Amino acid sequence: MNHVGTKESGRHPRETSDAAAALLEAARVLRDELAGLTFPPPVATVYDPLEYAWDGYRQYVERYAGTPRRVVFLGMNPGPWGMAQTGVPFGEVAAVRDLLGLSPAIGHPPAEHPKKPVRGMACPRAEVSGRRLWGLFAERYGSLPRFLAEHFVVNYSPLLFLAEGGANVTPENLRGEAIERLTRACDRHLCRVIEILRPEWLIGIGRFAENAANRALAGAPLKIGSILHPSPASPAANRGWAAAATAALEEMGVWPLQ
């Protein structure tokens, strides 16, 4: 069995807007609630980037979540070469450095799987999902700062689960008391994010995220939809993900027709 390690203190945030400060406090609460959770097999190793990569998440929120947002995009959980490396949701190193303009200091999880090492901003591996997601947003809006002026991207769960051999284990494939506690904590965090950012739309990046939003936000005054997940493990995503996601967002009315 494996557990989430205790939190690191991290850096104290600079002076921030009320929205950014509230989002960071919500993330700290979530981090504290998940500390020490034990997960049964097939989980062998758990990473929580809100612990060792807090500086990345802090920089992202402080720079890009200062005011309410019209649209919140919701991912499932970190990828091993994305948020697990940078602290930014879907945060492939190149996108975080070159498109978002961030340069966080990244530490290491208490237990590190040898096949999924954390090298932070020096990670040479590409996160295909992050490259596709942030690449589409930058292309559509001309730059990520312009996109993030009215959108925000956050993950439902901050935890990355790895099997003994190093393979990803997705939250949808976990059962037991620990995943129930994880779900309750992540539901509360999502509700708080929506309360702070007051979006018109929440768009799940994949069905898992959409279903989580529908459960956690039942009765909330916002519209919920989804787009195809950009994972390279999805044959549909490999047949033109950007065009499919754009078409879905335009059909829902989230983005205007071009």
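The values are calculated or read from the model by the stated rules, or taken from the named source; none is laboratory data. A quick note: this is a predicted structure, and the numbers were derived from the prediction, not measured. No Cβ is skipped: glycine too gets one built from the backbone with ideal geometry, and neighbour counts run over all protein chains shown.
Table for the structure above
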quantity	calculated
Verdict on residue 21 being in contact with a Phe, Trp or Tyr (Cβ under 8 Å, 6 or more places away or on another chain), buried (at least 16 other Cβ atoms within 10 Å of the Cβ) and either hydrophobic (A, V, I, L, M, F, W, C) or at pLDDT 95 or above (or both)	no
Pairs with Cβ under 8 Å, 6+ apart, first in region 136-151 and without any contact (Cβ under 8 Å) to a residue 12 or more places away in the chain, second part of a helix (DSSP H, G or I) and basic (Lys, Arg)	147/140
Subset of region 243-257 (residues that are closer than 21 Å to residue 222 by Cα and in a helix (DSSP H, G or I))	245, 246, 247, 248, 249, 250, 251, 252
Extreme residue, surrounded by the fewest Cβ atoms within 10 Å (Cβ to Cβ), among residues of region 154-182 that are farther than 18 Å from residue 80 by Cα and in contact with a Phe, Trp or Tyr (Cβ under 9 Å, 6 or more places away or on another chain)	176
Yes/no for residue 213 being in a loop (DSSP other than H, G, I, E, B) and closer than 23 Å to residue 185 by Cβ	no
All positions within region 216-239 that are over 18 Å from residue 181 (Cα atoms), of a type in the set (A, V, I, L, M, F, W, C) and not in a helix (DSSP H, G or I)	218, 220, 222, 224, 227, 228, 233, 236
Extreme residue, surrounded by the fewest Cβ atoms within 10 Å (Cβ to Cβ), among residues of region 25-40 that are touching a strand residue (DSSP E or B) at 6+ places or on another chain (Cβ under 8 Å) and in a loop (DSSP other than H, G, I, E, B)	36
